[in-house]
Structure formats: C-alpha cells, structure tokens
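To keep things clear, I will list the structure first and then write my remarks on it.
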C-alpha cells in the first residue's frame, strides 16, 4: 500500500471511528421488528367498548409514586393530605395497581412506543426522526377502530403518521410555544382536558361525532406534559410538583364523571401510567431505578377489583404509601399494550412482546386462557417469521435449541397448548402459554444476537489494527530519521484481497447492510499496511524506547516500570468512568509528581510546585461532589467574582510588567481584555436577575434573554479579533481564552461548575510551567554533557527535536486531563446528570436539540483551554507540531477496546446503558483529539516560545 500523508491518516482515523461507533448499534440495538405476521385477536368477548389511556409524562416512581401515594403536610390547612386522592381511591376500591418497569433510554419516544406498540424500540430509531414514525410498526392505535389523541406535538404525530389508515388517529395538539418552562405548567394539561371536554360537547349537537364516539374498540389517548415540565423546572419534591399532581388528579376525576354521564353503560376502561420516571433533580434518560419505575393504575370495565385477600408485591419502595391492604402487581412496560388490547378486544399489536398481566383483568378462567393462548401465538409468530428470515441468509443456521430439538418442536408445543385450552384444562394452558411466551422471547433474542460473534470479531480486529496502524504512522512521521520502504507488498496485498473477498462473499449471502462491509474493510486495510511497514514499526519503537544513536536513557527495569505505570493509569481511567472518585485518587498521586520527577527543580521553584500541589488537591474535590446539582446563585456569583478577579489582577500585572521594561502590551490588547472583563461582570448581573425572576415564577424577561445571548456571542467573538493582532505573549493569550469562555460558565451553570472552570484553568497553567522548567533543566544538563564530549565545541541545535519515551508521560497527562474535563462537573455518560435549569435562561420554550446543543457546548468549553495549553507546550518542548497530539491519538483506543469488552447486554438497564455510553465516549475521543489539534492551532496562532522568552514576532520587524 502506498505510504499516506498525515492528513490522509487523520481522515481515515475520523472515518474509521465514526463507522465503528455505529457498530455498537448494529450489535446491541438491531431493530427487533419483523413483518408479515398473522394477527391474533386478544378476546372475542371484550369487556369494554372504549379505553382511556392517560400518560402523565415523567411521573417518576408511579406518578412519582412516593409523591402520588404518600401524604404531604399542608402548612396552610395544618394537616396531611394526598396529592392524588382520586387515583388513590381507584387503587383502594375499584381497580388494580402496580409499578411498570421501563427500559433505557428513559425518554419519551421509546417509552410511548413500549406502552402503545408493546415493543422496545431500538435506540437508532431516535436518529431517524423523533416525531415521525421512522419504522413501520403496529400499535394499539393502529388496531383500534378509531383513536382520539390529545397533547404534545412531540409525541402524537408519531402514532398518527404510523397508522395503516391515516384517518384512524385524530390529533389535538397545542403549539410548541405552549411548552414554556417559565410559565405555569398546569396550562398544558388544562389544554388537554378542555379539548376532550369540547369533543364530547360537540357530540351533543353533531350526530356524526356522536356516532363515532359510540362505536366499540375506540381509544382516547391523553398525553399530559405539564408534570414533565414542572419536574424539570421545580423538581419532584417541590410544592409546584405536588400541585401539578393535584391538578391532574382533579382533571381525571372530572373527566370520568363526564364520560360516565355521557355513556351510562359502564363499558369504559381506564389505564393511567407514565412513559418514564424522573430523578429528584428533575432529570432522566439513564437506567436508574428512579427513571425506570412508573405507575400503572387500571380501573373500569374488565379490570380486576383490588385484591385484599392476598396483598402481596410490596417492598421497601411501596411500604410508605399506606397501600399494603391491596395487592401490588408489577409489570414490564410493554405489557401495558397487551392489557389495553384485551380490555377492548383488539388484535394484539403484531410487534408486541408484552405479556397479558392476568392479575389486572376480571374474567373467568376460560376467557383468561384463550387470551393467553392468543398472546403466546402472537409472540411465537414473530419467532417463526424471524427464524425463516435468518435461516434464509445464514450459511450454516442452527435453530434455537430450547424450541427446536430432538424431543419436541414448536408445532408440537403449540398443539399441546391448544389441546389444554380446548379440553378445559385452562390452568395448564395458561402455564404452558407463559412458558412458550418466555421461550419465544428468548428465541427472538437468540436470533437477534445470532451474528454477534462475527461482528465482535471484526470490530476487535479493526481496533487492534487501527492502534498498530496509528502507531506505525506516528513513528514514521515523528520518530524515524529516514523513511523505510515497505517489503513484500504484493504478497500482503494478495492475501488482503483474498480475505476481503471471502468476507464480502459471506456478507452478500447474508444480505448484510452496507455498514457491515465497512466493518470488514478497515481491519483488512490496517493489518495489510502494518504488515508491509512492519520494519518501520519495529525500528521506530527501538528508537523511541532506547533512543538509538544518542544517550541511552532506559534500562530494562526502567522500561518495565514505565510500561506498568502506563497501563495502570489507563486502567485507572477506565475505572474512573464507573467511579468518579478514582479521578480524585489519581489527582492526589500526581500532585507529588514533580518531587519524583526532579527534586532539584522543586527546590528551585517552590512557589510553582506548591501552586501545582494545591491546585491538584482542589481538583480532587470536584470529582467527589455529586453529579446531580441544585441551583445555587451564590456559587455562581462566587465563581464569577473569581473570574473577574483573575482578569483584574492579570491586567494589572501585565500593565506593570510592560511599564518596567518587560513584554510591552498594546493598547488594543488591554482594550480587548477590558471588554472581556466587562462581559464577565455583565453576565453575573444578568444571570442574577434572570434566576431571581425564574424562581419567583415571573418568567424569563425578554430583555434578559437578549442580553444573555449578546453576552454569550460577544464573549466568543472578541478573542477572534485579538488572534489577528500583531503582538502578545502566551500568558496573555491564555488569559484571553480564559475570559472568553468565562461568561459561558456563568450563564450556563447552576452550581459549582464555574469554580471548576477556574480551578481547572490554573491547574493547566501550572502544569505547562512545570513541564517547561523540567524540560529546560534536562536540556541544560544534556548541553553540559555535549560540551564535555566535544571539548567545548558548539553543538548545532535543530529547530525541532525527536520525541522520546519520556514524552509519553506528557501525552498521558493530557489524556487524563481531557477525562477530567468530561467528568469534572458531571457524568458525561449519564444524560440525567446534567440539568436544564441554566438553559431556561436563554431558551424558555422546549426545544430538545437546541437545549442539548447549549449543554454540549458548555461541556466542551474546558477543552479550549487544554488544547491551547498542549499546543503551547508542544512549541516550548521543541518537538514537531502536532507530535504530542499524534502520540495521544495512537494510545487513546486502548481505552475504547477496554470499554468494547465491558459493554453489557444483560443486567440492569442502568449498567447496560452506561456501558454503551462509555464505549461511545471512548470511541469518539480519537475524533475529539483530532478536532482539539486543529482548534489548538487556531487558539495559539502567532504565539512563539523561545528559551526563557515568550514573544510574538512583529511581522513588520522581520
């Protein structure tokens, strides 16, 4: 293969990581959907004619069950009262209740798909369209005769557009402007109740509407978003959240009264649940139990009355609710679709994996048996279709042994189930139906994971190949003094072509998607290149380790210790992803690094070493603090005051240094710094005013919103003007960068994030200064040795030096500090550790993508500082530009490989979701490091560092 240039290698690296990032979805989140199944009717004797599905979005732990069912002290009435007395009365007197367990990601779209369609949608569907229906799946609404839906424009269109008949699902939605986080959130739910009321009032004057409402097999879907918005803004423990629950409870009570008076036939079934939960801090998304436990309360026609004779199912979670006199029935979220289908006699949704919860229904044993048999046949039908599809594309297909084996077949087991039901052995039929449903679900999983070994092997070979390929390129660009020609290129090319042809042939037979072909291309490409340039890899490693041709720096023992330290630090970083406290331990250890590295330097620079020590121990605090934070205007203002103080003191120092004959500083530079300082102070003022207004429920003042955006934009634009100026030193540039992003860490933070930013900045500055001191001392000693060996003759100094093994420590420090930027103020792998409170100061109307973009921007801000620091350090150490970045690039995927093998497909959804998040973060680090390199060049453009002097040469003087 032809030797590639640096830019080509970087492009291949970006493409490879983006492609292999998607591999995790092809392995763990392949779509569970199959098509072409026969439908099965849930029951021929529907107990209800109509169903009301009420979904209170983000009603944690069962309408935040502790808040819904527990009594709360009311200071006004001087008594304890329940937030939802009407729902509570249904639990105790008329219906059945339990906890519905959701799956990750605990977001609205997948939650509603599970409730209404009965299956757990693959995460990749979110990327295809949040509101539309990106994949063709069946649902309860699609099987109904007609569905009326009311509520949020974020959810309703998905099921209306996905219906087989576009006119089957009617939608009544408010506009996006209603989703204002600064207004009374109860208005959103009032809209829904009013629209339902209007529909039934119209029926009294419109015979066509009246006839439609009196059909059987109809569904009314009420999507209540107000509690979600209230939880995000006010938190589930707030009085506002309590009042919102009361508002919903009162609204449902009035609604049922109206429905009973309209129909007067007791043929209405009611199901009350939630799409996902919510943490105490008003966030969700991951698999924490607070986010996966939601309510399920059903009452009305066909629903079993409370079971007081056997009040089981309670645990520590539900014991405070004072509902121990009735049975608690827990279900999986997808089971809700099966329950709704039965209550109004619909076909089970064709893609449903839900199992009918018999404890929820009031029916004779014979009817329960027939419903369960139909449920089992519906799930087994999916297995049959998926097995036929898999068998048709696999070369040597092996069926699921627990269903198809020498002693029994699927057909024989279905025949036995039908026989039990037909002969009146209903309990045996139900028991066998349960077993077959479980086998069917296990069989579906077996078929979904059939290609895992093959795909995992490709991904593994791809990552190992990339690490070797990146290392070979790094050594070729920055270590080897001369290029080494490849050897046996034609032989390796022939072998690579043969291997790729075999892999492509297998994939063609399997009808594999295009991405699978790419998974095969990269490992073959990398391994072929590494084989051809193996001598470059070998000779480069020898030079890097032993410094061949110069002063021999390493012994075998020393090398072994360095390798152990390297892998120990990498594994400690891996552990830090699971336990942030590990990062604090690492910081504590590296705080004494200068003493170990060069004690003499410490003696000469006591103030600098002490500053480093203190800054490291300050940084240990942040990864010990909780990731879920409460809003604290005091902490925000303290951080803002520190940022302003840094600016003022630095400007005074620069002015004094210029006046005493040091580096001169231009009026333009001082003007830019002054403007930046003014923006920091202005951001403090506007943030304080905005927070007070929002806390008082007065909404976001329009003037504050405009000023906030202007401050954010101007603070980022000012440094761009200074980058084109003709004179400034590196300390001034770092100060400009620090002040540029300071307003961001005031406007978009809710707690200690601003304090982290200040501490992190100084920690990086002290690191750069220490590295400079250590490097200068080492080079001074080497020059002394060179003079002694050359009898004092002048030794020419090249413009850049070759990287050494000792420089890996700098790359590791940089790599560790990037992790601190990710995890210092939260857990980047957990969606629910980042609050939206700060975003409301700029975007009061709900917009998930814009709000997410602002949060992501704030997370990335510390990387601007660290990229500039490494860029400056690269110049000061005299190594080739980008060489330290390249060194980091060649080792970063050791982390990715760790997380690839730590990805879980079993266990709690919290563990599964976090493991996948860790893999994605580690995989994108390569792309991120490349982006940081180019960003560093922008931030440090024009700055030149020389031994003992840091100046920017005036172009006019050249």
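One table, with the values for the structure above:
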{"read-out": "Count of the range 330-344 residues which are surrounded by fewer than 20 Cβ atoms within 10 Å (Cβ to Cβ) and assigned to a loop (DSSP other than H, G, I, E, B)", "value": "1"}
{"read-out": "Of all residues making up the range 25-40, the number that are in contact with a helix residue (DSSP H, G or I) (Cβ under 6 Å, 6 or more places away or on another chain) and within 19 Å of residue 337 (Cα to Cα)", "value": "4"}
{"read-out": "Some residue of the range 400-409 being within 37 Å of the chain's Cα centre (by Cα) and part of a helix (DSSP H, G or I)", "value": "no"}
{"read-out": "Some residue of the range 849-865 being touching a helix residue (DSSP H, G or I) at 6+ places or on another chain (Cβ under 8 Å) and outside any helix (DSSP H, G or I)", "value": "no"}
{"read-out": "Listing of helices (runs of 4 or more DSSP H) fully contained in the range 92-170 that carry 2 or more residues being surrounded by 18 or more Cβ atoms within 10 Å (Cβ to Cβ), modelled with pLDDT of 85 or more and assigned by TED's automatic domain parsing to the domain that holds residue 342", "value": "108-117, 140-143"}
{"read-out": "Residue identified as under 34 Å from the mean Cα position of the chain (by Cα) and surrounded by fewer than 15 Cβ atoms within 10 Å (Cβ to Cβ) among 442, 382", "value": "442"}
{"read-out": "Given (1) surrounded by fewer than 16 Cβ atoms within 10 Å (Cβ to Cβ); (2) at pLDDT below 90; (3) over 32 Å from the mean Cα position of the chain (by Cα), number of the condition residue 498 does not satisfy", "value": "(2)"}
{"read-out": "Which listed residue is over 29 Å from the mean Cα position of the chain (by Cα) and either at pLDDT 85 or above or under 30 Å from residue 847 (Cα atoms) (or both), from 273, 268, 185, 229", "value": "268"}
{"read-out": "Some residue of the range 198-207 being modelled with pLDDT of 95 or more and surrounded by 21 or more Cβ atoms within 10 Å (Cβ to Cβ)", "value": "no"}
{"read-out": "Some residue of the range 359-381 being under 28 Å from residue 117 (Cβ atoms), touching a residue at least 40 places away in the same chain (Cβ under 8 Å) and in a loop (DSSP other than H, G, I, E, B)", "value": "yes"}
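Quick grid of which residues meet (1) in a helix (DSSP H, G or I); (2) surrounded by fewer than 18 Cβ atoms within 10 Å (Cβ to Cβ); (3) in contact with a helix residue (DSSP H, G or I) (Cβ under 8 Å, 6 or more places away or on another chain); (4) modelled with pLDDT under 90:
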position: 706; (1), (2), (3), (4): yes, yes, no, no
position: 734; (1), (2), (3), (4): yes, no, yes, yes
position: 746; (1), (2), (3), (4): yes, no, yes, no
position: 758; (1), (2), (3), (4): yes, no, yes, no
position: 761; (1), (2), (3), (4): yes, no, yes, no
position: 778; (1), (2), (3), (4): yes, yes, no, yes
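The values are calculated or read from the model by the stated rules, or taken from the named source; none is laboratory data. Because the structure is predicted, anything quoted here is derived from the model rather than measured. Cβ coordinates were reconstructed from backbone atoms using ideal geometry, including for glycine residues, and neighbour counts include every protein chain displayed.
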